[in-house]
């Protein structure tokens, strides 16, 4: 390819790369917390239930901003919403760079939830408009970047453990670097993306720029759920979200406390869970080619079978077999994500795409947000095996509902 062709190709991809880069950072911040639960317990003397509730608070705030961020994107454009969210998340990360008590950590987590929550709904809308013929592929790249935040976070925490940091615990350097990177990405996004997708840079053509929601709009958003198939698919995503958030919140502690593996091995297996996200590049592409529902059924079915195997093998198998089951569950769970977003964007009318997807994501992330608290509390009472069996049952029910959609599909 000629130099001019290469530059043109890069110009075509910079919207995707910058949007995905901010999503990577958002997921990095989220997935940095579960590997730190052990150090938090040692430093603050808190229980699994307290840590799970704190992470649930993060996720509830994350869920709560999905709908308003989507509505704002419909009104003032996606670019402003994404950039402001990145700045808010970066500021919250920077608030943790010096030693502070546990309540400060909680507040920072909540603010991070708000900043990172402003991204995904709006990013899906932006990319579906920037790459209309390659939506599945673009969303596959987006979700793969995000999942790699989970790959990098445990390794970054291990590396930070060897750093002499003058302002408190060594893990705080992670949030210093993340905050600086977030501000840099927000600046680059504002500098590059408006010229690539000019329709997303300003308010809608009516010029009002209003941000309120009237009763007619509420009825329009609520009316989306009169579609039985859309409502069923939303139930599938709720069950997926519950399983996914419960798994990623407590997989490291499950591996060390119940499976009996070392912290280093647990960190490696946790990274492998997210490394499996590379499958999203394949499932996103396949969904463009052969349809979305077959991929949904296959990915969720794989995740359910793998999680059942993961729990069943605990205590009777070594880390290799456990790791294989965990990675297989990751293949199924991550493989579902880009197909989910593509299906929803095709099912929601374009004129309410941002707010409509925001409503759905508020529901699914709200359902998923309660998972860490439930898993943490249940593990304190009945053990991690019982709580992880609940996660396996949840994703199995989601797979069955998806199969029902597939076999009744008349399109």
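The values are calculated or read from the model by the stated rules, or taken from the named source; none is laboratory data. Computed from a predicted structure; not experimentally measured. Methodologically, a virtual Cβ is constructed for each residue, glycine included, from the backbone with ideal geometry; neighbour enumeration extends over all protein chains shown.
Selection of segment 76-96 for residues being at pLDDT 90 or above and either more than 22 Å from the chain's Cα centre (by Cα) or crowded, with 23+ Cβ neighbours inside 10 Å (or both) yields 81, 82, 85, 86, 89, 90, 92, 93, 95. Within the set 42, 49, 54, 73, the sole residue that is part of a helix (DSSP H, G or I), modelled with pLDDT of 85 or more and out of contact with any strand residue (DSSP E or B) (no Cβ under 7 Å at 6 or more places or on another chain) turns out to be 54.
Please pick out the residue among 347, 321 that is touching a helix residue (DSSP H, G or I) at 6+ places or on another chain (Cβ under 7 Å), touching a residue at least 12 places away in the same chain (Cβ under 8 Å) and surrounded by fewer than 24 Cβ atoms within 10 Å (Cβ to Cβ). Testing whether each residue is touching a helix residue (DSSP H, G or I) at 6+ places or on another chain (Cβ under 7 Å), touching a residue at least 12 places away in the same chain (Cβ under 8 Å) and surrounded by fewer than 24 Cβ atoms within 10 Å (Cβ to Cβ) leaves just 347. Could you name every one of the helices (runs of 4 or more DSSP H) located completely within segment 242-319 that has at least 2 residues being closer than 28 Å to residue 383 by Cα? Per the criteria, 263-275, 292-313.
From the list 371, 402, 306, 328, the lone residue that is modelled with pLDDT of 90 or more, under 15 Å from residue 251 (Cα atoms), in contact with a helix residue (DSSP H, G or I) (Cβ under 7 Å, 6 or more places away or on another chain) and buried (at least 21 other Cβ atoms within 10 Å of the Cβ) is 306. When you scan segment 17-32, do you find a residue that is at pLDDT below 80, assigned to a helix (DSSP H, G or I), more than 16 Å from the chain's Cα centre (by Cα) and more than 19 Å from residue 110 (Cβ to Cβ), even just one? No; the residues of segment 17-32 include none that is at pLDDT below 80, assigned to a helix (DSSP H, G or I), more than 16 Å from the chain's Cα centre (by Cα) and more than 19 Å from residue 110 (Cβ to Cβ). Is there a residue in segment 97-108 that is surrounded by 17 or more Cβ atoms within 10 Å (Cβ to Cβ), closer than 19 Å to residue 168 by Cβ, at pLDDT 90 or above and under 20 Å from the mean Cα position of the chain (by Cα)? Yes: one or more hits. Would you point out the residue of segment 279-297, among those that are out of contact with any helix residue (DSSP H, G or I) (no Cβ under 6 Å at 6 or more places or on another chain) and touching a residue at least 24 places away in the same chain (Cβ under 8 Å), that is nearest to residue 36 (Cα to Cα)? Within segment 279-297, the match that is nearest to residue 36 (Cα to Cα) is 282. Across segment 201-220, not a single residue is classified as under 27 Å from residue 269 (Cα atoms), assigned to a helix (DSSP H, G or I), modelled with pLDDT under 80 and over 22 Å from the mean Cα position of the chain (by Cα). The residues on offer are 388, 384, and the sole one that is over 26 Å from residue 124 (Cα atoms), under 21 Å from the mean Cα position of the chain (by Cα) and either buried (at least 18 other Cβ atoms within 10 Å of the Cβ) or at pLDDT 95 or above (or both) is 388. Got at least one residue in segment 176-197 being assigned to a helix (DSSP H, G or I), over 27 Å from residue 244 (Cα atoms), in contact with a helix residue (DSSP H, G or I) (Cβ under 7 Å, 6 or more places away or on another chain) and at pLDDT below 80? Looking for residues that are assigned to a helix (DSSP H, G or I), over 27 Å from residue 244 (Cα atoms), in contact with a helix residue (DSSP H, G or I) (Cβ under 7 Å, 6 or more places away or on another chain) and at pLDDT below 80, one finds at least one in segment 176-197, hence yes.
In segment 85-127, of all residues being in contact (Cβ under 8 Å) with a residue 60 or more places away in the chain, in a helix (DSSP H, G or I) and out of contact with any helix residue (DSSP H, G or I) (no Cβ under 6 Å at 6 or more places or on another chain), the one that is farthest from residue 21 (Cα to Cα) corresponds to 105.
The condition of being closer than 24 Å to residue 16 by Cβ and either touching a residue at least 40 places away in the same chain (Cβ under 8 Å) or surrounded by 18 or more Cβ atoms within 10 Å (Cβ to Cβ) (or both) does not hold for residue 251. Taken together, the residues in segment 128-168 that are within 20 Å of residue 25 (Cβ to Cβ), assigned to a helix (DSSP H, G or I) and in contact with a helix residue (DSSP H, G or I) (Cβ under 7 Å, 6 or more places away or on another chain) amount to 23.
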